[in-house]
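See below for the structure under consideration.
The values are calculated or read from the model by the stated rules, or taken from the named source; none is laboratory data. Predicted model only: the values in this text are computed from it and were never measured. Heads up, the Cβs are rebuilt from the backbone with ideal geometry, glycines too, and the neighbour counts pull from every protein chain shown.
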Amino acid sequence: MGKVKAYIVQDLLCEHYSVTFAETSGKAKSNEINTWEFDDCEYTDLRTQRVKEWDKYADSKKIPVAELRK
């Protein structure tokens with residue numbers, strides 16, 4: 001297993017987004033595709049954005065609210 005990284009996953013219309021931790025961008029999208037936020041989206045409708053400064057929260061999978069507001 002490779003290093004887990006933080007990603008923001010967002011739909012094309014920017015209506016929904018989620019933060020997830022995964023080894024790759026593709027795995028990040030796969031983690032989120034069947035969640036309620038993206039239940040009407042296709043895999044190809046999702047975009048990811050790396051957030052390197054959040055990688056340190058991968059073990060707990062919880063990002064402090066203060067970090068999300070930056």
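Structure values in brief
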item: Residues satisfying the stated conditions in segment 1-17, i.e. in contact (Cβ under 8 Å) with a residue 12 or more places away in the chain and in a loop (DSSP other than H, G, I, E, B); result: Met1, Gly2, Lys3, Val4, Leu12, His16
item: Pairs with Cβ under 8 Å, 6+ apart, first in segment 53-64 and free of Cβ contacts under 8 Å to residues at least 60 places away in the same chain, second of a type in the set (Asp, Glu); result: Glu53/Glu67; Trp54/Glu67; Tyr57/Glu67
item: Among (1) in a loop (DSSP other than H, G, I, E, B); (2) surrounded by 14 or more Cβ atoms within 10 Å (Cβ to Cβ); (3) modelled with pLDDT of 90 or more, the one test that Thr48 misses; result: (1)
item: Yes/no for Lys29 being surrounded by 14 or more Cβ atoms within 10 Å (Cβ to Cβ) and assigned to a helix (DSSP H, G or I); result: yes
item: For Cys41: the one exception among (1) part of a helix (DSSP H, G or I); (2) in contact with a strand residue (DSSP E or B) (Cβ under 6 Å, 6 or more places away or on another chain); (3) closer than 17 Å to Asp11 by Cα; (4) not hydroxyl-bearing (Ser, Thr, Tyr); result: (1)
item: Verdict on Ser60 being surrounded by fewer than 16 Cβ atoms within 10 Å (Cβ to Cβ), polar (S, T, N, Q) and at pLDDT 90 or above; result: yes
